[in-house]
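Report on the following structure.
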Amino acid sequence: MNASNIKVVIPALKKTVAFQDDLVKKLNGVTLVQRAINKAKKLGVRKEDIHLLTDSEEISLIGQRN
């Protein structure tokens, strides 16, 4: 199976996290959501095969920019 057959779904629901801003806090300048997107890209997954499931406009904006 190659990376072109892989779909990635990143669940980033703000209401279900223990601490409200965990998904958008930066570690070395990169948010947790951005790290997940970057990891999927490193695995060779195409941009159109990475899906971000969220209830937050802020997280949605991060996904759209990437």
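Give me the pairs: first residue in the stretch 25-46 and in contact (Cβ under 8 Å) with a residue 24 or more places away in the chain and closer than 12 Å to ILE59 by Cα, second residue open to solvent by 100 Å² or more (accessible area, probe 1.4 Å) and not in a loop (DSSP other than H, G, I, E, B), beta-carbon distance under 6 Å, and six or more apart or on different chains, which are they? Here the result reads none, with nothing in the stretch 25-46 linked to a residue that is open to solvent by 100 Å² or more (accessible area, probe 1.4 Å) and not in a loop (DSSP other than H, G, I, E, B).
So that you can scan it fast, the table gives a plain yes or no per residue for (1) in a helix (DSSP H, G or I); (2) open to solvent by less than 90 Å² (accessible area, probe 1.4 Å); (3) modelled with pLDDT under 90:
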| residue | (1), (2), (3) |
| --- | --- |
| MET1 | no, no, yes |
| VAL9 | no, no, no |
| LYS15 | yes, no, yes |
| VAL33 | yes, yes, no |
| LYS39 | yes, no, no |
| GLY44 | no, yes, no |
| GLU48 | yes, no, no |
| SER60 | yes, yes, no |
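In the stretch 17-31, which residues are open to solvent by 100 Å² or more (accessible area, probe 1.4 Å), in a strand (DSSP E or B) and hydrophobic (A, V, I, L, M, F, W, C)? So that I can check it myself, show each step before the final result.
The initial filter retains those residues of the stretch 17-31 that are open to solvent by 100 Å² or more (accessible area, probe 1.4 Å), namely 19-20, 25-28.
When the remaining residues are screened for being in a strand (DSSP E or B), the result is 26-27.
Passing the criteria: only LEU27.
The values are calculated or read from the model by the stated rules, or taken from the named source; none is laboratory data. Everything quoted here is computed from the prediction, not taken from an experiment. Counting neighbours? That spans all protein chains shown, and the Cβs are built from the backbone with ideal geometry, glycine included. Ligands, DNA and RNA are stripped out before the accessible areas are found, and what is left, the full protein with its side chains, is counted by its heavy atoms. Shrake-Rupley method; radii C 1.70, N 1.55, O 1.52, S 1.80 Å.
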